[in-house]
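Have a look at the structure below before the remarks.
Derivation of every value follows stated rules applied to the coordinates shown; laboratory data play no part. What you see is a predicted model; the values in this text were computed from it and never measured. Note that we place each Cβ from the backbone using ideal geometry, even for glycine, and neighbour counts take in every protein chain shown.
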Amino acid sequence: MTSIPEGLEPYAAQLGYPTSETLGQLLALLFDTEEKVKIAIAMPGSAPELAKKTGNSIETTEQMLGELHHNGAINKKMYDQSRYRLFPGMIELRDASALTPGISGEMIQLWDDLVRKEMPAIVPQLEEMGLPPMMRVIPIEEAVESKNLVLDIDSARQIVQGAELVVAIPCVCRKTAREVGRGADCPDLIRTTQEIDRATGIPHPFLFDDDWLPQIPLPPTSGEKPAQGSLEIDQLHSR
């Protein structure tokens, strides 16, 4: 018997890990109450729709949806932000939840185990099932004009200078690797943003979530006060 929370077995199968103890533990951490599991089972839907399906009040449902969304367990539909859904793929669920402020070391380790130890094992299973490959090369025996463009430094500078806002978030794979003792040689986010500043010749208002990274005071631009700010986690989980 696996540890998949009761009612979430179809979702575990959809993610590709119907019998995974590791995924079961992750789902139990993400949907840590019976009511949250009920909401997951009832998705997709808006807060009023999910409240009706689960028998909870709209206020209670909205509170749980807010917690689940903040923790990266669920997502909002791209073209209708009033409707919530489960992530369709394991990697999407991993990316959203692994960047949650204050995520436990236990969850980071579980995600690392699932991706590094269990994910490679399902590839042969997909091949045995006869599923088409995710990518394939189709020979057309015709020359294809290359349209790749490598920007010169002036073009890059112009793009950054013309942007009203540049947002930088941690790399999920680097963050996970570091949390479990790997990836010490990967460039960090702060260094990357500083390199962009040097390349463009201007300090730019990069924004960080307060709980992810310490905010970086920026030198004044055009006589203005130093730019500093934060980005709501929900905006990033809506990507």
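Quick one: which of 103-110, 115-122, 90-97, 161-168 comes out on top by average Cβ neighbours within 10 Å, and what's the full order, highest first?
Working: 103-110: 15.2, 115-122: 13.1, 90-97: 20.0, 161-168: 11.4.
Highest-to-lowest ranking by the protection proxy: 90-97, 103-110, 115-122, 161-168.
Mind checking which lysines have their C-alpha under 20 Å from Lys36, skipping anything on the same chain fewer than 8 residues away?
Reachable lysines: Lys52, Lys53, Lys76, Lys77.
Please state the shape class of segment 1-45: rounded when a/c is under 1.5, otherwise prolate if a/b exceeds b/c and oblate if not, all from the C-alpha gyration tensor. Walk me through the numbers on the way to the answer.
On the way: a/c = 2.13, a/b = 1.39, b/c = 1.53.
Verdict is oblate for segment 1-45.
For segment 70-176, rounded, prolate or oblate, judged on the Cα gyration tensor with a ≥ b ≥ c (square roots of eigenvalues), a/c < 1.5 rounded, else prolate if a/b > b/c? Please list the in-between numbers first.
Details: a/c = 1.83, a/b = 1.10, b/c = 1.66.
Verdict is oblate for segment 70-176.
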